[in-house]
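A short worksheet on the structure shown next.
Please treat every number below as a calculation from the coordinates, not as lab data. Here the structure is a predicted model, which means the values were calculated and not measured. In this analysis, Cβ positions are derived from the backbone assuming ideal geometry, glycine residues included, and neighbour counts consider all displayed protein chains.
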Amino acid sequence: MQRRTDEGVIIACDFTGRDWDGHSPMIEGHQGSVISLEALDMAVEQAAPAAEPVECTMCLRRREPPMKVWRHPQPPAGANPDAVICWDCITLADRTFAKDPDVDWQRRT
Ligand SMILES: [Zn+2]
């Protein structure tokens, strides 16, 4: 997500609320949504079948059960409290991080 400040636009992970430091791995989705490697790590571990239809924050698609989705169990201060990521976006981010030689990440999906 993006936040405007007097210094300009701050990019932060929708799921953890952590500001981008300029080099930590993050992937951008639609409408400025962002997931950090830290959040993806939790998403891969904790994703579970959706209990009801959700709109994925990253791809904006409506996802129906039983697709696996993930949201932070306790969204930290500064995170988007409605942020949810679908399994397709989790696997896409997983592949993208794994292909990046600058990111220490092995495929897990
Ligand atoms: Zn998605």
Distance in Å, no decimals, from the C-alpha centre of the stretch 21-63 to the one of the stretch 91-105 is 14
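Counting helices only, and only those DSSP H runs with n ≥ 4, report the 222 nm mean residue ellipticity of the chain as the sum of -39,500 (n - 2.57) divided by its residues, in deg cm²/dmol to the nearest 500. Present the calculation step by step, with values, prior to reporting the outcome.
Details: 2 runs with 23 residues, N = 109.
Calculated mean residue ellipticity at 222 nm is -6500 deg cm²/dmol.
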For the stretch 50-90, averaging the sequence separation of alpha carbon pairs under 8 Å that lie six or more residues apart and dividing by its residue count, the contact order in percent is 42
The summed charge of the His30 Cβ neighbourhood (under 12 Å; Lys/Arg +1, Asp/Glu -1) stands at -2
Counting only residues 5 or more apart in sequence or on a different chain, those whose built amide H sits under 5 Å from that of Val69 are Ala48, Ala50
Here D for the stretch 58-109, in µm²/s, from Stokes-Einstein with a Kirkwood Rh over Cα pairs at 20 °C and 1.002 mPa s, works out to 171
Here the gain from full extension of Arg95 to Glu55, 0.36 nm per residue of separation minus their alpha-carbon distance, amounts to 12.2 nm
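So what are the stretch 2-99's ellipsoid semi-axes, whole angstrom, largest first, if each one is the square root of 5 times an eigenvalue of the alpha-carbon gyration tensor? Before the final figure, lay out each step's value.
Details: eigenvalues 98, 42, 28 Å².
Over the Cα atoms of the stretch 2-99, the semi-axes work out to 22, 15, 12 Å.
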So, relative contact order of the stretch 2-99 in percent, Cα under 8 Å, 6 or more apart, is 26
Candidate cut points under trypsin sites (Lys or Arg not before Pro) in the stretch 6-109, DSSP loop plus at most 12 other Cβ atoms within 10 Å of their own Cβ, are Arg107
In whole Hz, the Karplus estimates of ³J(HN,Hα) for the stretch 55-67 (6.51, -1.76, 1.60; θ = phi - 60°; x where Gly or Pro) are 9, 5, 5, 7, 9, 6, 7, 7, 10, 9, x, x, 4
Net charge (Lys, Arg +1; Asp, Glu -1) of residues whose beta-carbon lies under 10 Å from that of Pro81, Pro81 excluded, is -1
If amide H atoms are modeled at 1.01 Å from N in the peptide plane, then the residues at a separation of 5 or more from Arg63, or on another chain, having amide H under 5 Å from its own are Val54, Glu55, Cys56
Placing each pseudo-label 7 Å from Cα in the direction of the beta carbon, Arg62 and Glu28 end up separated by a distance in nanometres of 2.8
